[in-house]
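Chemist: Okay, here's the structure, questions in a sec.
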Amino acid sequence: MNASDQLNDLMTIRQLLLGRVIAGENIKLNNHLNDVAARLEAQLRSGKEFTSYQGRRLQQAIGDLAGLVQLQRPDLTDLASMEAKFAQGAVGKVGIDIALPPKKVLQSVADTALVQGATFGDWFSKLEGSMRFDIDRAVKVGVSLGETNAQIAKRILGAGGDKGGEVMPRGRRDAMSI
C-alpha cells in the first residue's frame, strides 16, 4: 500500500469518527433546545392570556419569552487540538514530519474558522436573534388574531414534529445544520 492510500484510509476513518463527534454535539444541542421549548411552553401556559395585556406589558411579556432563547456555540478548541495531533500522526506514518502550532493558534483557528462565510459564533448569534425575532412576531400575530396562549404556544413550539414554519422546529433544524 503506498503512502497516498495509507493517508486516504486514515482520513476516511477519521471522517467517520468526526461524524460521531458531530452526532454527539447535535444530541447536546437538541437536549438544550428541548429544555428551551419546555421553559417557553411552561411560561406561556402559566401566565395570563396575552390578549388581556396592553402595550408595554405585552412587550415585556414577549421580551421575557424571547429571553429564554440562549444558544451557545460548541467549543471547538479541544477538537482543533485533537485534529492537529491526528494530522501530525497521520502524515508522520507516511514519512512526513510536521510541527504542531501552539495551542493559542489552534484556539484562534477554531474560533475564527469560517463556515459558509461566517464563524460558528456568528452563526449561533444570528440564529438566537432570529429565533427571538420569530417569537416576538408569533406572539404579536397570535394576539392580533385573538388566539389563546395555548394556540400561541403551538405557533411557537410547532404542531408536534418538525413540520411547518414554527419557531422552535425551524430553529432546531437550523442549529443542527450549523
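The values are calculated or read from the model by the stated rules, or taken from the named source; none is laboratory data. Note that the structure is predicted; figures quoted are calculated from it, not measured. Ligands, DNA and RNA are stripped out before the accessible areas are found, and what is left, the full protein with its side chains, is counted by its heavy atoms. Shrake-Rupley method; radii C 1.70, N 1.55, O 1.52, S 1.80 Å.
Chemist: Could you derive backbone 3J(HN,Hα) for segment 147-156 from the dihedral phi with the Karplus parameters 6.51, -1.76 and 1.60 (θ = phi - 60°), listing whole Hz in sequence and x where the residue is Gly or Pro?
Modeler: Residue by residue, segment 147-156 yields 6, 7, 4, 5, 5, 5, 4, 5, 4, 7 Hz.
Chemist: Per-residue accessible area for Lys103 at 1.4 Å probe radius, Å² rounded to 10?
Modeler: 120
Chemist: So for segment 1-47, what are the equivalent ellipsoid semi-axes in whole Å, largest first, each being the square root of 5 times an eigenvalue of the Cα gyration tensor?
Modeler: Values for segment 1-47, descending: 45, 5, 4 Å.
Chemist: Please list, in order along segment 107-116, the HN-Hα scalar couplings obtained from phi with the Karplus expression 6.51 cos²θ - 1.76 cosθ + 1.60 (θ = phi - 60°), rounded to whole Hz, x for Gly and Pro.
Modeler: 5, 5, 4, 4, 6, 10, 4, 8, 10, 6
Chemist: Follow-up question, since we're still on this one. Pick from Lys126, Lys104, Lys28 the residue whose mean-square fluctuation is largest in a GNM of the chain, springs joining Cα atoms under 10 Å.
Modeler: Of Lys126, Lys104, Lys28, the Gaussian network model singles out Lys104 as fluctuating most.
Chemist: Keeping the other protein chains in place, figure out the carbon and sulfur percent of the accessible area of segment 32-178, with a 1.4 Å probe.
Modeler: C and S fraction of accessible area: 54 percent.
Chemist: What lysines could a cross-link reach from Lys154, if we take a straight Cα to Cα line under 18 Å and drop same-chain neighbours fewer than 8 places away?
Modeler: Lys154 reaches Lys48, Lys140, Lys163.
Chemist: Run the 1.4 Å probe and let me know the accessible area of Val91, rounded to the nearest 10 Å².
Modeler: 30
Chemist: Another question about this same structure. Counting only the heavy atoms of the protein chains, how much of Ser52 is accessible to a 1.4 Å probe, in Å² to the nearest 10?
Modeler: Ignoring ligands and nucleic acids, Ser52 comes out at about 60 Å².
Chemist: For the chain, with every protein chain kept in place, what is the accessible area per residue (1.4 Å probe, Å²)?
Modeler: Each residue of the chain exposes 61 Å² on average to a 1.4 Å probe.
Chemist: From the mean inverse distance of alpha carbon pairs (Kirkwood) and the Cα radius of gyration, derive Rg over Rh for segment 74-178.
Modeler: Rounded to two decimals, Rg/Rh equals 1.25.
Chemist: Just the ratio, please: alpha-carbon radius of gyration of the chain over 2.2 N^0.38 Å, N its number of residues.
Modeler: 1.41
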